[in-house]
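Working notes, beginning with the structure itself.
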Amino acid sequence: MTAEQAVSPSPASPPTLRDRSQALSHSARLFRAADLLVILIAASLPWSTTATSILVGFWLLAVTPTIAWRDYARQLARPAFALPLALLLLALLGTLWSEGAWADRLHAVKPVAKLMLIPPLLHHFSRSERGFHVCIAFLASCALLAVFSWIVLLDPAWKITATASSGVPVKNYIDQSQEFTLCAFALALPLWRGRRAVATIVCLALILLFVTNMVFVASARTALLCIAVLLALFALKHLSRRAALVLLAGTIAASLLAWTTSPYLRQRINDIAVEYRHGHEDISRASTAQRLTYWRKSLHAFAEAPLIGHGTGSIKRQFERAATSESRLDAEVVSNPHNQTLNVAVQWGLLGVVLLYAMWIAHLRMFAGEGFAAWIGLVVVVQNIASSLLNSHLFDFHEGWMYVLGVGVAGGMALKAQAGEATGSA
């Protein structure tokens, strides 16, 4: 035997049945691990940004080997899958013409990068049986937070972190209010269609837990806007005209009751006028005046570069240029105009705004059907659109991940239900 023959590899033998069985078993374990990690992500989101970020990294490692790449490639042609990636691609390209410093450009890509997880989440949960478990994990975590919020209100020493608001154990009152709003309206459909007394009582108790917390403990005015929008959505989607009128009357009565019994809620509403009148003199009480100033400066920056904007991470630079010494508020420099449309418009112009609204519309259309998953997804998207009138919530960490998880998990469940209906009718 020659040396060449001695080192030449033997022909690859075809995989045996045992090899295939082991490969399938390995893939199944990874699939279950990916399910479990998303459940943990949903449970951790109300409490910790660090844990959420770490778990997302582990999920990517677990889910990547389980992806059916041919099916995934075909799914990427669908707008609901492709448009989040298109918005991220625009953010990456926008660094090339940005007027901001490179540190600001790269920092501004990070909030958009989370959108890249929507397609793999949609793909994964269109095949998984555990999407409902993710919803339960988030709901249970938020319910625990709501109970703990009351405890912290009575005894601030129980706070986990040094938050700025009473009754807020972790993070801030805006994030907490958005979580509780989402949970309350997600439970509205099973409450309305409840066929089992126990399930109906549990849903009603949880809704009251979340709503009373926002009325008496801590609430963001953005959440109050979302509640009004989501009430109208629920009425249009699920109620007859007569039932909608009953809901309207009940809402008015409940609002009057909340107004008369909650000094905290009255103060939150009355502060809007105070903040507008005195915002230029006292920037610590300038929330309303700040937003109006940010929007005016952002519209001016957008008008200067309406087609493709000033580039990724350029908002801070535009506010530096627009700063004046007339007041502390006019001199303020920020990198967030507190409006999602303006946030996108300043950086990427009309091109970015078109992609943003196209993505929202594609995700709304994905949840046009009936069923619990479609309702959850619809609430997630509509809540994000409504709250983005007063904030850049798609790019904020907490609300952004609520959108990514909500659309990805509920969207996958909805796609799976649609595929089942198509197979059944074939």
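The values are calculated or read from the model by the stated rules, or taken from the named source; none is laboratory data. What you are looking at is a predicted structure, and each value in this text was computed from that prediction instead of being measured. Every residue, glycine among them, receives a Cβ derived from its backbone with ideal geometry; neighbour counts consider all protein chains shown. Heads up: the accessible areas ignore ligands, DNA and RNA and are worked out on the full protein's heavy atoms, side chains in. Shrake-Rupley method; radii C 1.70, N 1.55, O 1.52, S 1.80 Å.
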Per-residue HN-Hα couplings for the stretch 97-113 [Karplus 6.51, -1.76, 1.60; θ = phi - 60°; Hz; x = Gly/Pro]: 10, 5, 8, x, 5, 4, 4, 5, 4, 5, 5, 6, 6, 4, x, 7, 4
Separation of the Ile151 and Leu76 label points, Cα + 7 Å toward Cβ, nm: 4.6 nm
Solvent-accessible area per residue, Å², over the chain with all protein chains present [probe radius 1.4 Å]: 50 Å²
Over the stretch 34-107, relative contact order from alpha-carbon pairs under 8 Å, at least 6 apart, %: 19 percent
Positive-end residue, the stretch 285-426 charge dipole about Cα centroid, Cβ charges, pick of Trp348, Gln318, Leu364: Gln318
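In debye, nearest 20: dipole of the stretch 133-281 around its Cα centre with unit charges on the Cβ of K, R (+) and D, E (-)?
The calculated dipole for the stretch 133-281 is roughly 660 debye.
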Computed lengthening from Leu89 to Ile361, 0.36 nm per intervening residue step minus Cα-Cα distance: 96.0 nm
Mean residue ellipticity (222 nm) of the chain, computed from DSSP H runs ≥ 4 via -39,500 (n - 2.57), nearest 500: -23000 deg cm²/dmol
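So between Ala205 and Leu299, what do we pick up on full extension, going 0.36 nm a residue minus the alpha carbon distance? Write down the numbers at each step before the final one.
Numbers: separation 94, 0.36 × 94 = 33.84 nm, distance 4.42 nm.
Difference between extended and current length: 29.4 nm.
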Centroid-to-centroid separation of the stretch 81-97 and the stretch 153-185 [C-alpha atoms, Å]: 34 Å
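Taking the Cα centre of the chain as origin, sum charge times position over the Cβ atoms of Lys and Arg (+1) and Asp and Glu (-1), and report the length of that vector in debye to the nearest 20.
The calculated dipole for the chain is roughly 960 debye.
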Helix axis angle, 263-278 relative to the chain longest principal axis, alpha carbon, degrees: 80 degrees
Which label in [x] 66, 57, 39; [y] 61, 49, 46; [z] 94, 60, 48 gives the computed Cα extents along the principal axes in Å: [z]
Rel. contact order, % - alpha carbon contacts under 8 angstrom, at least six apart, the chain: 21 percent
When each of Lys114/Lys171; Lys237/Lys316; Lys171/Lys297; Lys171/Lys237 is checked by Cα-Cα distance, pairs over 31 Å: Lys237/Lys316; Lys171/Lys237
Low-density loop positions, trypsin sites (Lys or Arg not before Pro), the stretch 297-367 - DSSP coil, at most 14 other Cβ in 10 Å: Arg328
Accessible-area composition of the chain, carbon plus sulfur, in percent [1.4 Å probe]: 67 percent
Relative contact order computed over the stretch 321-415 (Cα-Cα under 8 Å; 6+ residues apart), in percent: 30 percent
FRET efficiency for Phe397 and Leu245, using Cβ-Cβ distance with R0 set to 51 Å, rounded to 0.05: 0.80
Rounded to 10°, Cα long-axis angle of helix 49-63 versus longest principal axis of the chain: 20 degrees
Fully extended contour minus Cα-Cα distance, from Trp259 to Phe132, at 0.36 nm per residue: 42.1 nm
